[in-house]
1. Sort Trp162, Trp131 by heavy-atom solvent-accessible area, probe 1.4 angstrom, most to least.
2. Do the alpha carbons of any pairs in Lys44/Lys197; Lys41/Lys102; Lys39/Lys86; Lys41/Lys203; Lys101/Lys203; Lys86/Lys203 sit beyond 31 Å of each other, and which pairs?
3. Given that compact globular proteins tend to follow 2.2 N^0.38 Å, what is the ratio of the alpha-carbon Rg of the stretch 168-211 to that value?
4. Near the amide H of Cys198, under 5 Å away, which other amide H atoms are found, from residues 5 or more places off or on another chain, if H is placed in the peptide plane?
5. Calculate how steeply helix 114-132 sits against the longest principal axis of the alpha-carbon atoms of the chain, using the helix alpha-carbon long axis, and give the answer as 0 to 90 degrees to the nearest 10.
6. Going from the alpha-carbon gyration tensor of the stretch 122-199, what semi-axes, largest first and in whole Å, does one get by taking the root of 5 times each eigenvalue?
7. Rounded to whole Å and sorted largest first, list the principal axis extents of the Cα atoms in the chain.
8. Any chance you could look up the accessible area of Asp50 with a 1.4 Å probe, heavy atoms only, rounded to 10 Å²?
Amino acid sequence: MIDVGKLAAVLGSGVCSALPGLHAWSGCDTVSALASQGKIKALKLVQANDLYLQAFTDLGSSWNVPTDVFNSIQAFTCQLYARNTKIVGANSLRYHMFCAKKGQIESGQLPPCEDSLMQHTLRANYQAAIWRRSLENLPDVPAPSAGHGWELDDGGSLKIRWMAGLPAPNVVLNLISCTCRRTCRPSDCSCILNGLKCTVVCKLQGCSNMVQDDAIVAQDANDSDD
């Protein structure tokens with residue numbers, strides 16, 4: 001058995017206060033984890049930096065994420081992916097890592113973009129806020145879809161809000177295409193996997209994931225070919 005009291009004494013009250021926020025942010029039952037970034041690495045980084053310690057102590061103290069807390073967590077994320085970096089912005093680090101590898105790098109090796117990181121932090125904050133109020137009688141808990149990193153789909157079911165904006169400028173998105181042959185499925189269609197609609201540039205024309213206007217144009221083209 002683990003002696004929790006002894007463990008808490010070893011970690012110290014400061015780290016213990018940060019653990020709910022850190023545990024939620026680094027991955028739990030309700031919040032995803034960042035690819036290849038484990039909890040031990042995150043904990044050691046927090047223990048070595050008072051700014052990060054305070055940020056995760058504050059995470060979940062309210063239902064909103066203050067700008068200064070997010071900025072600290074963004075810098076923390078940069079050091080998770082590049083321990084000695086001086087870069088404190090997720091977008092800037094993604095760019096520098098991509099250029100350093102000359103594009104030969106998997107997306108999972110890059111930190112999330114600032115938009116995606118904010119949504120991730122909102123979800124962690126929401127979960128940590130619930131934990132920090134676990135001893136309250138009937139706490140006033142807002143809906144997770146009310147700006148806390150989740151949203152409702154067309155059927156009213158809760159789903160993760162991965163990003164608030166577009167993953168890339170429209171001029172770039174219009175160049176993305178998939179190579180599906182028979183059907184576009186969520187498991188292997190690069191358009192669907194990136195949350196995009198198929199376009200006339202894709203190999204398969206007239207699929208169910210296509211923008212309606214483009215699907216009509218593609219069908220007309222297919223009919224004329226016949």
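1. If we order Trp162, Trp131 from most to least accessible, we get Trp162, Trp131.
2. Lys44/Lys197; Lys41/Lys203; Lys86/Lys203
3. Computed over Cα atoms of the stretch 168-211, the ratio equals 1.02.
4. Those qualifying (amide H under 5 Å, at least 5 residues apart or on another chain) are Met210, Val211.
5. In the chain, helix 114-132 runs at an angle near 40 degrees to the longest axis.
6. So the equivalent ellipsoid measures 36, 14, 10 Å along its semi-axes.
7. 77, 47, 36
8. 120
The values are calculated or read from the model by the stated rules, or taken from the named source; none is laboratory data. Remember, predicted model here, so these are calculated numbers, not experimental data. Note: ideal-geometry Cβ built from the backbone for every residue, glycine included; neighbour counts use all protein chains shown. When the accessible area is computed, the model is the full protein with side chains, heavy atoms only, and any ligands, DNA or RNA have been set aside. Shrake-Rupley method; radii C 1.70, N 1.55, O 1.52, S 1.80 Å.
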